[in-house]
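Chemist: Please see the structure below; I have some questions.
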Amino acid sequence: MAAIQENVASGTARKQKRQWYQLTGEERLAWVLVLPWIIGFLAFQLGPMLASLALSLTEWRMFTPAEFIGLANYAEMISGDPLVLQAFKVTTIYSLTSVPLRIALGVLVALLLNASIRGLAFIRTVYYLPATVSGVAVAMVWLLILNGDFGMLNRALGLIGIEGPYWLTDTRTVLASFVLMSLWSVGAGIIIYLAGLQGVPNELYEAADVDGAGDWVKFWRITLPMISPVLFFQFVIGMIDALQEFAGPFIMTQGGPGNASLFVMLYLFRQGFEFFQMGYASALAWVLFVYIMVLTLLIIRSSAVWVYYEGEVKGS
Amino acid sequence: MAVRSISESQSKSKAVKLTFVYLALIVGMVIVILPFLWMVSTSLKTPAAVFKIPTVWIPNPIVWENYPNSMTVLPFVRYIMNTAQITLLAVIGATFSGSLAAFAFARLRWRGRNFMFVLVLATLMLPFQVIMIPQFILFRSLQWLDTYLPLVVPAFFGGSAFNIFLLRQYFMTISRELDDAAIIDGCTRFGVYWRIILPLSKAALMTVVIFIVQNRWQSFLVPLIYLFDQKKYTLALGLRLFQDQYTTDWELMMAAATVSMLPVLLVFYFGQRYFIQGVVFTGVKG
């Protein structure tokens, strides 16, 4: 009996003793299949990332040898270059306005679409259209829409007797213009929120009906908590995206007027690819990266308060 | 009688509500569509009509020549071909290498799988700007500047983690019994990928292809960094050049913008089923 047990035990021991480098055929195949990604990750992502950290400690203008200067680039950003603060201010104001507004508008439209209407597929497609186009062509169209003299927006405002501003050349309205533009392409969010809404169990609403709850109460007490994980995820992704805004301001304002739309990415591009300050631009990239991470962490930490996960026991 | 009147008033208020919903949706749709209409309308106007107040929506005369003109002031046909070439290569590279990795994550048992998958997901959070400059330096030292290699080669090494994630999620939904049956019948593991998983995943592959096309066709920052020779420009760079040189020719600019948007809109229109599935499936895009 003991002998058998010993045998069994040594059998499993032998099985477990397989060394880390002894791969089964299946494992070998798996590593081969993932290998291209691993190479890409090391060569195009992790390697460059570490390199940029090293670069950020140097002064390097591409055409002269790099010179190690320690943290001087970071010190310069804090005390010697007011444009850095301006760029972060602009980018933060834009992101914190645009992302919540996009979510609010997206949820609103999704709620309307969820009211068991006819022609859902068609309407959904229409709302999605702007989200499919991006970049230079869209920026050009919005240049025309936002033109102060003959743009579509000011023509529309003119119809109701309002004289619209010069949107993109006025320091007071230029950021609002970019927020407005970002609201146009809210379609991807709508589809995700709609899927979230359709996943809310009907029993909850029926129970609320029995209790005599109105639409307003149902929205705040049932719908919103139930889709809050979706909103949370979209908020995180949206912030990461918005903090890296580039094509719009690059094409439409070049950061103007008076640096009022100097987004961080725009400033980074200028330092790196116009002034060839590769060291300084790398430091800037790292500060932006850390800033994005910190904001993301703050959002995640705050989520305990406002995101509801089913099956989670509160207060334990 | 009383009961009936209550239900009647209820259905009445429901009808009022529904009317309001339709009204709001239609107003929203008009707002969404107007910029497109404005673009197309402007692209068919004479220069004078562009500035005209009150607004002219249907131009008279309709200037169709704006389209051929906008395409010939700069070599736009060449830009379209260049962009198509880059997009095609990126699609092939990213779907192939991405689906291989996704297969390993979804279907094979190997030590280190979970760790590697978390790593893949972590790169989703990695912003392009931190790697932009060292990548530039790397590709410069490889003498890849002013070629399409920096735009295409990374796609062959896994491409975006998003594609791997989407395909992996989809592969997971396919029944494992199919794999086992095939292997008993003498199929190799790679054969399972090639003969079973891929053919059953056409919808997910379509989604990935559409995302890549959309992304590559309109990509601006990366070509801007790497391409200098105007003959090699992509559509986005060509449009930008156009805007620099012909800033006041709004009708030509809008014609060029319309032409450049058309392929993306068509791809979306014909593939919207897959597209919307993909967006819902991952909850990521956007």
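Each value in this text was obtained by applying a stated rule to the coordinates, not by laboratory testing. The model shown is predicted, which means the values in this text are computed figures rather than measured ones. As a convention, Cβ positions derive from the backbone with ideal geometry for all residues, glycine included, and neighbour counts pool all protein chains shown.
Chemist: What do the square roots of 5 times the Cα gyration tensor eigenvalues come to for the stretch B:151-272, in whole Å, largest first, as semi-axes of the equivalent ellipsoid?
Modeler: Three semi-axes, in Å: 42, 16, 10.
Chemist: Moving to a separate point now. Run lengths n ≥ 4 of DSSP H only: what is the helix-derived mean residue ellipticity at 222 nm for chain B, with -39500 (n - 2.57) per run over all residues, to the nearest 500?
Modeler: -24500 deg cm²/dmol
Chemist: Let me ask another. Please work out the FRET efficiency for the pair B:Val280 and B:Trp57, using the Cβ-Cβ distance as r and a Förster radius of 25 Å; give the result to the nearest 0.05.
Modeler: 0.10
Chemist: Here is a further query. With the crude spin-label approximation of a point 7 Å out along Cα→Cβ, what separation in nm comes out for A:Ala115 versus A:Asp149?
Modeler: 4.3
Chemist: Reachable aspartates and glutamates from B:Lys17, Cα under 20 Å, same-chain residues fewer than 8 places away excluded?
Modeler: Filter leaves A:Glu206, A:Asp209, A:Asp215, B:Glu8.
Chemist: Compute a Gaussian network model of chain A, connecting alpha carbons closer than 10 Å, and tell me which residue from A:Val34, A:Val179, A:Val236 fluctuates the most.
Modeler: Per the Cα network of chain A with a 10 Å cutoff, A:Val34 tops the list.
Chemist: Let me ask you something else. With springs connecting C-alpha atoms under 10 Å apart, model chain B as a Gaussian network and identify which of B:Val32, B:Val50, B:Val267 has the largest mean-square fluctuation.
Modeler: B:Val32
Chemist: Still on this structure, I have one more. Calculate the translational D of the stretch B:16-172 in whole µm² s⁻¹ from Stokes-Einstein, where the hydrodynamic radius comes from the Kirkwood formula applied to all Cα pairs, the temperature is 20 °C and the viscosity 1.002 mPa s.
Modeler: Result for D is 103 µm²/s.
Chemist: Which whole-Hz couplings ³J(HN,Hα) result when phi for each residue of the stretch A:102-114 is put into the Karplus expression 6.51 cos²θ - 1.76 cosθ + 1.60, θ = phi - 60°, listed in order with x for Gly and Pro?
Modeler: Calculated HN-Hα couplings, in order: 4, 5, 4, 5, x, 5, 4, 5, 4, 4, 4, 5, 7 Hz.
Chemist: Per DSSP H run of at least 4 residues, take -39500 (n - 2.57); add these up for chain A, divide by its residues and hand me the 222 nm value, nearest 500 deg cm²/dmol.
Modeler: -20000 deg cm²/dmol
Chemist: Residue separation times 0.36 nm, minus the C-alpha to C-alpha distance between B:Ser175 and B:Gln85: what's the value?
Modeler: Length difference between fully extended and current span is 28.8 nm.
Chemist: Eigenvalues of the Cα gyration tensor times 5, then square-rooted: what semi-axes does that give for the protein assembly as shown, in whole angstrom, largest first?
Modeler: Result for the protein assembly as shown: semi-axes of 42, 36, 26 Å.
Chemist: A further question on this structure: Please report Rg (one decimal) and Dmax (integer) in Å for the Cα set of chain A.
Modeler: For chain A, the Cα-based Rg and Dmax read 26.8, 98 Å.
Chemist: Oh, and also: Looking at the P(r) of the stretch A:148-247, how many percent of alpha-carbon pairs lie beyond 17 Å?
Modeler: 67
Chemist: A follow-up question, please. Which whole-number percent of Cα pairs in the stretch A:23-169 have a distance greater than 28 Å?
Modeler: That fraction is 60 percent.
Chemist: How many angstrom lie between the Cα centre of the stretch B:153-190 and the Cα centre of the stretch A:110-159?
Modeler: 38
Chemist: Let me ask something else about it. When the convex hull of the C-alpha atoms of the stretch A:69-124 is computed, what volume per residue in Å³ does it have?
Modeler: Enclosed volume per residue, from the Cα hull, is 111 Å³.
Chemist: Collect residues whose amide H, placed 1.01 Å from N in the peptide plane, falls under 5 Å from the amide H of A:Thr58; neighbours closer than 5 in sequence don't count.
Modeler: The answer is A:Ile69.
Chemist: At R0 = 51 Å, how high is the FRET efficiency between A:Leu42 and A:Ala304 if r is their beta carbon distance? Nearest 0.05 is fine.
Modeler: Once the sixth-power term is evaluated, E becomes 0.90.
Chemist: For the stretch A:21-72, what ratio Rg/Rh do Cα atoms give with a Kirkwood hydrodynamic radius?
Modeler: 1.31
Chemist: Using the reciprocal of the averaged 1/r over all distinct C-alpha pairs, how large is the Kirkwood radius of the stretch B:67-282 in Å?
Modeler: Across the stretch B:67-282, the inverse of the average 1/r is 19.2 Å.
Chemist: Could you bin all the Cα-Cα distances of the stretch B:214-286 into 10 Å bins starting at 0 and give me the percent of pairs in each, rounded to whole numbers?
Modeler: Each 10 Å bin holds this share of Cα pairs: 17, 37, 30, 15, 1.
Chemist: Give me the number: length gained by fully extending B:Leu23 to B:Leu124, i.e. 0.36 nm times residue separation minus the C-alpha to C-alpha distance, one decimal in nm.
Modeler: 32.4 nm
Chemist: With each label point set 7 Å from Cα along the Cα-Cβ vector, what nm distance links B:Arg109 and B:Thr247?
Modeler: 6.6
Chemist: Okay, moving on. Only four residue types carry charge here, +1 at the Cβ of Lys and Arg and -1 at the Cβ of Asp and Glu. Report the dipole size of the protein assembly as shown about the Cα centre in Debye, rounded to the nearest 20.
Modeler: The calculated dipole for the protein assembly as shown is roughly 1120 debye.
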